[in-house]
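None of the figures in this text is laboratory data; all of them are computed from the coordinates on show. Computed from a prediction, not measured in an experiment: that's the story for all the values here. FYI the Cβ positions are ideal-geometry reconstructions off the backbone, even for glycines, and counts take in every protein chain you see.
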Amino acid sequence: MQAETTPGSAAQATSARAEGTLQDQSVASAAGAQDAYACLQAVQPRGWARVQARLVDRIKRAALRRLHASNAGEILLLRMYLIGEESTEQALQDDWMPADAPDWLSRQSAQHLAEERLHVLAFADAIAQREGTAGHTAPSEGTAILAAAAQAAGEGNATAASIKKNEPDWLSRRKIARWKRLGQRHAPHFSQGVLVPAYAIGLCAEQMGVRVLHRHCDTIGTDHPLHPLLARVLDDETRHVRLCMHTLKRIVTPRELPRLQALLREIRGIERGFGISGSIGMYIAGWLCAWRAPRPAPAA
């Protein structure tokens with residue numbers, strides 16, 4: 001005997017099925033949107049890129065240990081961070097942020113830059129403590145060592161002058177120039193113009209900074225006097241990564257996602273191309289710091 005189906009129960013069943021379908025579509029749409037922006041996540045290297053990343057990591061860890069073995073080496077490391085915070089990030093923000101940016105983006109950028117300036121002051125103070133000076137630092141022995149390492153790595157004499165003025169080194173300037181040319185080429189393809197390349201480059205730079213700082217903290221350990229400073233900056237840079245990702249999700253339309261994916265691939269390819277040369281320069285600098293460090297006086 002079949003159960004009797006009333007018009008009301010049939011309508012309820014139809015309504016329930018429709019509601020369930022809408023919920024499934026909503027979940028699928030959210031998952032699809034999440035997958036669409038997966039390109040913003042840091043890429044896990046594969047194949048030769050993975051081998052290269054491991055090699056760079058090992059060389060840089062060895063360079064960090066050697067640089068921390070002398071006062072000049074620590075000053076050099078801190079100066080490299082200071083230059084990165086003061087010049088590289090600042091230049092990208094200043095050169096690419098249009099005057100007609102939305103209010104929410106202007107406020108966000110102002111907060112971001114304020115935090116970067118606090119990092120600059122913190123690194124400058126750490127350098128001053130190790131140099132025995134007050135206020136902003138002047139060129140020191142670490143500067144000379146970095147310039148010598150740059151020359152040994154084949155970067156030319158211009159590097160020494162740029163370091164004295166707290167400018168990025170020769171390799172970093174080349175990388176920034178290539179990033180800017182890349183951004184100018186891609187900008188016309190986005191409705192928000194140069195904002196998209198600016199934040200795409202900023203995202204990759206912040207992700208690189210997180211990776212560098214995490215390696216540094218892991219190498220020196222929590223007992224090292226510099227660990228609290230580096231860990232604090234690492235926390236800020238991790239938040240900046242999330243901020244850049246959130247901004248790109250707001251300013252890039254779904255139709256522009258393929259172009260964003262291509263842009264990010266090229267940005268990361270440029271960054272990866274400078275990994276080996278940069279790590280070798282750090283390693284040479286570590287040896288030079290150890291070689292020029294004061295020798296203990298012979299026992300009487």
State the extension gain, in nm to one decimal, for the chain segment bounded by W291 and R174, taking 0.36 nm per residue of separation less the distance between their alpha-carbons. 39.2 nm
Evaluate the charge dipole of the stretch 208-300 about its Cα centre and quote only its size in Debye, nearest 20, assuming +1 on the Cβ of each Lys and Arg and -1 on the Cβ of each Asp and Glu. 340 debye
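Output the peptides 100-108, 63-71 sorted from most to least packed, where packing is the average of other Cβ atoms within 10 Å over each peptide's residues.
Most protected by this proxy first, the peptides run 63-71, 100-108.
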For E266 and R54, extending 7 Å from Cα along the Cα-Cβ vector and measuring point to point gives, in nm, a value of 3.2 nm
Got a sec? Charge dipole of the stretch 224-298, +1 on Cβ for Lys and Arg, -1 for Asp and Glu; which of W291, H227, C244 is way out at the positive end? C244
With label points set 7 Å from each Cα along the Cα-to-Cβ direction at A231 and V43, the distance between them in nm comes to 3.3 nm
Distance histogram in 10 Å bins (all Cα pairs of the stretch 215-280, percent per bin): 16, 28, 34, 17, 4
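Would you work out the charge dipole size for the stretch 188-249 about its Cα centre, treating the Cβ of every Lys and Arg as +1 and the Cβ of every Asp and Glu as -1, and quote it to the nearest 20 debye?
220 debye
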